[in-house]
Amino acid sequence: MQEFDLAVAECRIYSRRWKTSQVNGIEDDNDNPKMPCIKKDKSGKLYWNPIINLDNGQIVNWQKGTTASVHYKSVDGNYVDIIDRDTNTIKEYDGYVPQFLCPKEDGWGDYVIMDIDENGFIQDFDNNLDDIFQDGDDD
């Protein structure tokens, strides 16, 4: 298998509810979520779009000074692009929640579960991407 110098994972997580998470210790709002990295797709549907440095678990597009406890049920509304240091997309993934997005506790493939500090670092981050590359291909 070819090896790559991976840089980031750009995620698009479609949560069923936003209020199951906390931002700066306050329950988030389903109608107007305050979680950093929330965007709207072309249809107007909200999604969470963290771009995660795979070396250290820092969300590079995080709003500094914000802490969060993330607990999103997204089941199979998850898209992850693995990008190398030359900005080439190495792998496009869609499906269940990958393990690296639930370091706080087992997400059973349905939940994103993590704590994020004020500098955007995911606590207890593990960059194991085996479930994304499980088919052994590297496209």
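The values are calculated or read from the model by the stated rules, or taken from the named source; none is laboratory data. Given the structure is predicted, the values throughout are model-derived calculations rather than measurements. As a convention, Cβ positions derive from the backbone with ideal geometry for all residues, glycine included, and neighbour counts pool all protein chains shown. To get the accessible areas, we keep the full protein, side chains included, count just its heavy atoms, and leave off ligands, DNA and RNA. Shrake-Rupley method; radii C 1.70, N 1.55, O 1.52, S 1.80 Å.
Determine whether Asp124 is open to solvent by 70 Å² or more (accessible area, probe 1.4 Å), of a type in the set (Asp, Glu), farther than 14 Å from Pro50 by Cβ and in contact with a strand residue (DSSP E or B) (Cβ under 7 Å, 6 or more places away or on another chain).
So Asp124 fails the test.
Is it the case that some residue within the range 3-14 is touching a Gly at 6+ places or on another chain (Cβ under 9 Å), open to solvent by 40 Å² or more (accessible area, probe 1.4 Å) and over 18 Å from Phe121 (Cβ atoms)?
Among the residues of the range 3-14, at least one is touching a Gly at 6+ places or on another chain (Cβ under 9 Å), open to solvent by 40 Å² or more (accessible area, probe 1.4 Å) and over 18 Å from Phe121 (Cβ atoms), which makes the answer yes.
Out of the residues in the range 26-60 meeting the condition of being among the aliphatic types (A, V, I, L, M) and over 15 Å from Val112 (Cα atoms), tell me which one is surrounded by the fewest Cβ atoms within 10 Å (Cβ to Cβ).
It comes out as Ile26.
Going through the range 79-115 one residue at a time, which ones are open to solvent by 60 Å² or more (accessible area, probe 1.4 Å) and either outside any loop (DSSP other than H, G, I, E, B) or more than 21 Å from Ser21 (Cα to Cα) (or both)?
Passing the criteria: Tyr79, Arg85, Asp86, Thr87, Asn88, Thr89, Glu92, Asp94, Gln99, Tyr111.
Conditions (1) aromatic (Phe, Trp, Tyr); (2) closer than 23 Å to Leu6 by Cβ, marked per residue:
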site: Gly65; (1), (2): no, no
site: Tyr72; (1), (2): yes, no
site: Asp76; (1), (2): no, no
site: Ile90; (1), (2): no, yes
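Search the range 76-107 for residues being over 12 Å from the mean Cα position of the chain (by Cα) and of a type in the set (Val, Ile, Thr), and hand back the single one that is nearest to Asp55 (Cα to Cα).
Top of the filtered list is Ile83.
Does the range 71-78 contain any residue that is open to solvent by 10 Å² or more (accessible area, probe 1.4 Å) and over 15 Å from Arg16 (Cα atoms)?
Looking for residues that are open to solvent by 10 Å² or more (accessible area, probe 1.4 Å) and over 15 Å from Arg16 (Cα atoms), one finds none in the range 71-78, hence no.
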